[in-house]
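Down below is the structure, laid out as structure tokens.
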Amino acid sequence: MLHLLREILDGIQINPEADIPFVVADLGCSCGSNTIYMIDVIIKHMTKRYEAMSYNPPEFSAFFSDLPSNDFNTLFQLLPPYGGSSMEECLASDGHRSYFAAGVPGSFYRRLFPAKSVDVFYSAFSLHWLSQVPDIVLDKRSTAYNKGRIFIHGANESTANAYRNQFQNDLAMFLRSRSEEMKRGGSMFLVCLGRTSVDPTDQGGAGLLFGTHFQDAWDDLVQEGLITSEKRDNFNIPVFAPSLHDFKEVVEANGSFIINKLEVFRGGSPLVVSHPDDAAEIGRALANSCRSVSGVLVDAHIGYQLSNELFSHVESRATTQAKELLENLQFFHIVASLSLA
């Protein structure tokens, strides 16, 4: 999707007279090299735009933001060194960091930055994470109680609406915060899991990841007496893959942003394997994908030992359905470009 990002960057207003840094923020940065690569892409592209207009590039600031529990220490160790006696020397050297870096711990569903301080907001594969599992989904007295399930996929209409309302409320808070923090003329590039079905209980690729073998593995633990059914029912994955309508409805109701682009794209599969005919490798790949995404939540809910048992069941079940998984597990992504109204 880099070409879409570059299109958006081309629309950002340049003010050569402003004696302030150009500020980029990655929301939901995690702790790997992807965020560093994307910040580098953004800054290099904006540098070329300044140079093409015969302007000296400004100083750049990059803010890496995620929850306080994020491993910022690991992330900062991956940053290239800041070198050179001037910003121009850094920009000219591929071996040095061409921006000032800082970590910003906190939820992006709240304010994170001073008013009118950020030129570009970038967020990839984070906004489908809800701020919480909806309370009524865990309430036995509610029609939205997600009994027997750990995800929205295949749930009843009340449960689906609770998840959808939580997503839209969260997105509204996200937009409200960013509308105060973005500089006039800035832009926002967002990517999150999406779905093509109008039915929110059909979560597409996310449903196959969490609503099939992962779900069955939880049932296995219950049947084996390792956990109670209540323990299972008190665990839900706080993820919602929205439709374009779900997303657009919130942006239009907020009124602070203009939609420059809003599309659903077919993405890849989490099952990256060297031997597509090896069922065991596919089973391991699915279990690893589930664990990389939800392992911290599972560990916190049932402990590390039972977590190992759970993902072992996921691997075994996925291995028996390897061919079907490889053919059908496909993610769709919503890509949105927004600027201030």
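The values are calculated or read from the model by the stated rules, or taken from the named source; none is laboratory data. In this text, all values refer to a predicted model and were calculated from it rather than measured experimentally. Cβ sites come from the backbone with ideal geometry, for glycine too, and all protein chains shown count toward neighbours. With ligands, DNA and RNA removed, areas are computed over all heavy atoms of the protein, side chains included. Shrake-Rupley method; radii C 1.70, N 1.55, O 1.52, S 1.80 Å.
A few notes on this one:
- The charge dipole of region 214-341, taken about its Cα centre with unit charges on the Cβ of Lys, Arg, Asp and Glu (plus for the first two, minus for the last two), comes to roughly 420 debye.
- Two-site FRET efficiency, residue 18 against residue 244, from Cβ-Cβ distance with R₀ of 30 Å, rounded to 0.05: 0.25
- Between region 186-250 and region 282-299, the alpha-carbon center distance in angstrom: 14 Å
- Check: region 222-289 dipole with +1 on Lys, Arg Cβ and -1 on Asp, Glu Cβ, in debye: 160 debye
- Acute angle (nearest 10 degrees) that the helix 157-181 long axis makes with the longest principal axis of the chain, alpha-carbon atoms: 10 degrees
- Unit charges on C-beta of K, R, D, E only; dipole of region 144-229, Debye: 580 debye
- The 3J(HN,Hα) values that the Karplus relation (6.51, -1.76, 1.60; θ = phi - 60°) gives for region 237-247 are, in residue order, 6, x, 10, 9, 8, x, 8, 4, 5, 4, 6 Hz. Gly and Pro appear as x.
- In degrees, nearest ten, helix 304-320 long axis to first principal axis of the chain (Cα): 80 degrees
- The mean sequence separation of alpha-carbon pairs under 8 Å and at least six residues apart, normalised by the residue count of the chain, gives a relative contact order of 18 percent.
- For region 277-288, 3J(HN,Hα) computed residue by residue from phi via the Karplus equation (6.51, -1.76, 1.60; θ = phi - 60°) reads 8, 8, 4, 5, 5, 5, x, 5, 4, 5, 4, 5 Hz, glycine and proline entered as x.
- Choice from 188, 53, 173 with maximal GNM fluctuation in the chain (Cα, 10 Å cutoff): 53
- Summarising the amide proton neighbourhood of residue 186: residues at separation of 5 or more, or on other chains, whose placed amide H is nearer than 5 Å comprise 340.
- Taking every lysine pair in the chain that is 8 or more places apart or spans two chains, those with Cα atoms closer than 21 Å amount to 7.
- Taking all protein chains as they are arranged and a probe of 1.4 Å, the heavy atoms of residue 119 leave approximately 20 Å² accessible to solvent.
- For the pair region 43-69 / region 4-42, the C-alpha centres are spaced 5 Å from each other.
- Within the chain, helix-based [θ] at 222 nm, where runs of 4 or more DSSP H residues each add -39,500 (n - 2.57), nearest 500: -13500 deg cm²/dmol
- Selected from 198, 225, 167, residue furthest toward positive end of dipole (region 137-278; charges at beta carbon): 167
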